[in-house]
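Have a look at the structure below before the remarks.
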Amino acid sequence: MRPLFRCRACGARWPCQPARLALLLIYRGDRQGLRLHLAGKLLNALADQPRTDAVTLAVRFLGWLPGSPGAGADATGRQPPRSAG
């Protein structure tokens, strides 16, 4: 839901976990199409939220994709702690 890009179902920041799963299923076999779709959403978010850090939005919209440099990062760009072992 623009301009804050919140999930209409759960209110979390979009793309939330259910939205990510749905996007992966919709774009199954078309990873490039998914990246283009999310890049378009990112451009909309950057226009709608000019005071929000661009890197933070990029990580939020694209960093979760498998194979992305920020894959596994949270919405702030932080990687989860690694378990010892």
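Here are the numbers for the structure shown:
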quantity	calculated
Subset of region 8-54 (residues that are assigned to a loop (DSSP other than H, G, I, E, B), surrounded by 14 or more Cβ atoms within 10 Å (Cβ to Cβ) and without any contact (Cβ under 8 Å) to a residue 12 or more places away in the chain)	16, 27, 52
Scan of region 55-85 for residues that are surrounded by 14 or more Cβ atoms within 10 Å (Cβ to Cβ) and either among the β-branched types (Val, Ile, Thr) or at pLDDT 80 or above (or both), ordered by number	56, 57, 58, 59, 60, 61, 62, 63, 64, 65
Selected residue (only one of 42, 38, 34 is at pLDDT 95 or above and more than 10 Å from the chain's Cα centre (by Cα))	34
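The values are calculated or read from the model by the stated rules, or taken from the named source; none is laboratory data. Since the model is a prediction, treat every value here as computed from it, not as a measurement. Glycine gets a Cβ as well: all are built from the backbone with ideal geometry, and neighbour counts include every protein chain shown.
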